[in-house]
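Right, one structure below, let's go through it.
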Amino acid sequence: MEFDRETLLKLGKLARISIKDKQLDFLSRDLSSILKFVDQLKEINTENIDPTANSLNQNLIRREDEKSNTNNIEDVLENAPEKELNFYVVPKVIE
Amino acid sequence: MIDKLNIVKAAELLKKKEVSSVQIVKEYLNRINKGKDLNCFNEVSSTNAVKDAEASDERRKNDSLKSEYDGIPIGIKDLFCTKGVTTTASSKILSNFVPSYESTVTQNCEDAGLISLGKLNCDEFAMGSTNKTSFFGPVKNPWKSRGSNAELVPGGSSGGSAAAVAADLCTASLGTDTGGSIRQPASFTGTVGLKPSYGRVSRWGIVAFASSLDQAGPITKTVDDAAILLEIISGHDKNDSTSSIHNKEEYFKNLNSNVKGMKIGIPKEFRSDNLPSSTQKAWDDCRNLLKSNGAEIVDLSLPYTMDALPAYYIIAPAEASSNLARYDGVRYGLREQGSNLIEMYENTRSEGFGDEVKRRILVGTYVLSSGYYDAYYLKAQKVRSLIKNDFNNAFSKVDAILTPSTPSVAFEIANEPNDPVQNYLNDVFTVPVNLAGIPAISIPFTNDENNLPIGLQIITNSFEEQKLLNIAKNIEETIQYKEVPEKWWVK
């Protein structure tokens, strides 16, 4: 797999990372190298093998749904780069 | 008195009142200050640490200790959220982040009376095995090659955690291990590093990298200390649905270094012509040592060992790309302006993440993207099953597996491979363990011909940390590794 300009810019869009023209060359080289490395898995026969998402052999644990005083507004908003009243502020979305 | 102080010794001295917690803390703060060149700490908690030590000394007077380890200072990887103390994951994007809550692991330490000396440098978002991806610059390994002045990497990602313990800037430290990030730096610095079973330790409040692989664990000077610290940090946590319901164990009290009759497996796939002869010799010597101490040596095969690394470099970036989607400049961390919302996201993430983190997010995005999911992510998860099966088969025949921890000793900071895959190969011996979710420990065995530490890795089945520690203790008692680096960093 070679990463051309178009593929890289599309990936950047999907990942919400702006990619500058001067980065295209080394990103293409690096990502191609990584993909080539992981591509060796294609040679392994995994027919009838179930995937492992997580190695813990345990069902999800239930707990009582109790009221607690975590995540209060002050704490949650404490680190917001921009806030107003009890809201996060972002650039205008709707004209 | 504080030289080479570990948790066990510190507890003894404090108990006999030969030293106070304030004295210990002040001595370490002094050393940390003198050891600034090593770049181990992102932030030193001088004021808080002294205050906490005073409170501990007060508790000792009043006979109201939180535990027998009350008043002992440790260092904390800058990946654990600490209430009111900047937590950066060594990334620009979190460089101003002050959590309003405490991670379960650090809370458990606080509940035992342990004191934090500060936050330790690491690779950015724990992605790396050199500590060079940190926004705050690389940590330097306290060890240097004999006759050379070149600065060496401490390994990573828990490079600051390992270097601080090796340089005697704290009694012990906390790290995290997603693909070897505790064991590899431990191996590079002559320290003990333990990665617990997946689920043994709560991940709540730890900056997430790859959630199905991440585990926190101790980096220490001795196996005893690893047992103590693991005991303190482990246990079920209702805030982490993947934390295990297995009961907390008394690892330290139950330490038993007898290996008579134990079966130790030597996997042939870890043998390689590229392995330095001194590492091969250390591995052979340890095998013989365990044999003469009464263990039975079993040659075995883990056929999918070499497939673990490529599987890891699909799974870990995939999970990372998802986990790191939260850094969007809206709720916390860095924000870069943009003319609209999307541009603000893109500028923030482009400016806030370093090159390696971006590479992994892009790879992760690619392997999860439409049309590629089955070929990459699902395929890797199936290979993960095969790797897990390898270990299951092995543990039906043996109690534990012995391997080298790393394919090389510490190398020069200036030595930068052009290809990221070259860097990834550092973790070739440690990654299979994370994919299988089992515990492993790296212990220092000897130093090579250039006086650099060689670590060996012991692996056991899930939740058999006690056995792991017992075998490590046996080796430690027999070899009596006492090497310490020259303190070149003290001006």
**Item:** Tally of residues being in a helix (DSSP H, G or I) and surrounded by fewer than 15 Cβ atoms within 10 Å (Cβ to Cβ) across segment A:11-28
**Value:** 5
**Failed condition for residue A:49, given (1) in a loop (DSSP other than H, G, I, E, B); (2) at pLDDT below 95** = (2)
**Residues located in segment B:226-272, provided they are part of a loop (DSSP other than H, G, I, E, B), within 18 Å of residue B:401 (Cβ to Cβ) and among the charged types (D, E, K, R)** = B:271
**Request:** Starting from segment B:311-323, take each residue that is closer than 18 Å to residue B:206 by Cβ and list its partners that are of a type in the set (Lys, Arg) and in a helix (DSSP H, G or I), counting only C-beta distances under 6 angstrom and pairs at least six apart or across chains.
**Result:** B:320/B:360
**Item:** Complete set of residues in segment B:1-53 that are touching a Gly at 6+ places or on another chain (Cβ under 8 Å) and either among the aromatic types (Phe, Trp, Tyr) or modelled with pLDDT under 95 (or both)
**Value:** B:41
**Prompt:** If residue B:438 satisfies every condition in (1) touching a helix residue (DSSP H, G or I) at 6+ places or on another chain (Cβ under 8 Å); (2) farther than 18 Å from residue A:42 by Cα; (3) more than 9 Å from every other protein chain (Cβ to nearest Cβ) but one, which is the exception?
**Reply:** (3)
**Request:** Give me the pairs, please: first residue somewhere in segment B:53-64 and within 13 Å of residue B:14 (Cα to Cα), second residue anywhere and in a helix (DSSP H, G or I) and not hydrophobic (A, V, I, L, M, F, W, C), beta-carbon distance under 6 Å, and either six or more positions apart or on two chains.
**Result:** B:53/B:21; B:56/B:21; B:57/B:21
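For the structure I just gave you, tell me whether residue B:54 is part of a strand (DSSP E or B) and of a type in the set (Asp, Glu). Write out each step before concluding.
Values: part of a strand (DSSP E or B): no; of a type in the set (Asp, Glu): yes.
So residue B:54 does not fit the description; no.
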**Message:** All but one of (1) surrounded by fewer than 24 Cβ atoms within 10 Å (Cβ to Cβ); (2) of a type in the set (D, E, K, R); (3) within 21 Å of the chain's Cα centre (by Cα); (4) within 14 Å of another protein chain (Cβ to nearest Cβ) hold for residue B:427; state the number of the condition that does not hold.
**Reply:** (1)
**Message:** Restricting to segment B:199-238, and then to whatever is surrounded by fewer than 24 Cβ atoms within 10 Å (Cβ to Cβ) and acidic (Asp, Glu), can you tell me which residue is modelled with the lowest pLDDT?
**Reply:** B:237
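Restricting to segment B:275-314, what's the tally of residues that are out of contact with any strand residue (DSSP E or B) (no Cβ under 7 Å at 6 or more places or on another chain), within 30 Å of residue B:375 (Cα to Cα) and outside any loop (DSSP other than H, G, I, E, B)?
Final tally of qualifying residues: 9.
Yes or no, residue by residue, for (1) polar (S, T, N, Q); (2) out of contact with any Phe, Trp or Tyr (no Cβ under 6 Å at 6 or more places or on another chain):
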site: B:189; (1), (2): yes, yes
site: B:194; (1), (2): no, yes
site: B:204; (1), (2): no, yes
site: B:220; (1), (2): yes, yes
site: B:224; (1), (2): no, yes
site: B:228; (1), (2): no, no
**Request:** Report, by residue number, each residue of segment A:58-95 that is more than 10 Å from chain B (Cβ to nearest Cβ), without any contact (Cβ under 8 Å) to a residue 12 or more places away in the chain and among the β-branched types (Val, Ile, Thr).
**Result:** A:94
**From the options A:40, A:58, residue that is surrounded by 12 or more Cβ atoms within 10 Å (Cβ to Cβ), touching a Gly at 6+ places or on another chain (Cβ under 8 Å) and more than 30 Å from residue B:340 (Cβ to Cβ)** = A:58
**Item:** Scope segment B:329-341; condition in contact with a Lys or Arg (Cβ under 9 Å, 6 or more places away or on another chain), more than 7 Å from chain A (Cβ to nearest Cβ) and surrounded by fewer than 20 Cβ atoms within 10 Å (Cβ to Cβ); matching residues
**Value:** B:336
**Fill in**
Given the conditions (1) under 17 Å from residue B:125 (Cα atoms); (2) not in a helix (DSSP H, G or I), every one holds for residue B:361 apart from (2)
**Request:** Would you please name the residue that is farthest from residue B:336 (Cα to Cα), looking only at residues in segment B:88-103 that are of a type in the set (S, T, N, Q) and surrounded by fewer than 24 Cβ atoms within 10 Å (Cβ to Cβ)?
**Result:** B:100
**Item:** Test: residue in segment B:54-72 that is in contact with a Phe, Trp or Tyr (Cβ under 7 Å, 6 or more places away or on another chain), under 17 Å from residue B:116 (Cα atoms) and at pLDDT 95 or above
**Value:** no
**Message:** Restricting to segment B:210-239, name every residue that is farther than 19 Å from residue B:67 by Cβ, touching a strand residue (DSSP E or B) at 6+ places or on another chain (Cβ under 9 Å) and of a type in the set (D, E, K, R).
**Reply:** B:214, B:221
**Prompt:** Considering segment A:17-44 alone, what residues qualify as being small (Gly, Ala, Ser) and either on the phi > 0 side of the Ramachandran plot or facing chain B (nearest Cβ under 8 Å) (or both)?
**Reply:** A:18, A:33
**Message:** Can you report the number of residues in segment B:453-491 which are of a type in the set (S, T, N, Q), in contact (Cβ under 8 Å) with a residue 24 or more places away in the chain and either part of a helix (DSSP H, G or I) or surrounded by fewer than 17 Cβ atoms within 10 Å (Cβ to Cβ) (or both)?
**Reply:** 4
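The values are calculated or read from the model by the stated rules, or taken from the named source; none is laboratory data. None of the values given here were measured: they were computed from a predicted structure. Backbone-built Cβ (ideal geometry, glycine too); neighbour counts: all protein chains shown.
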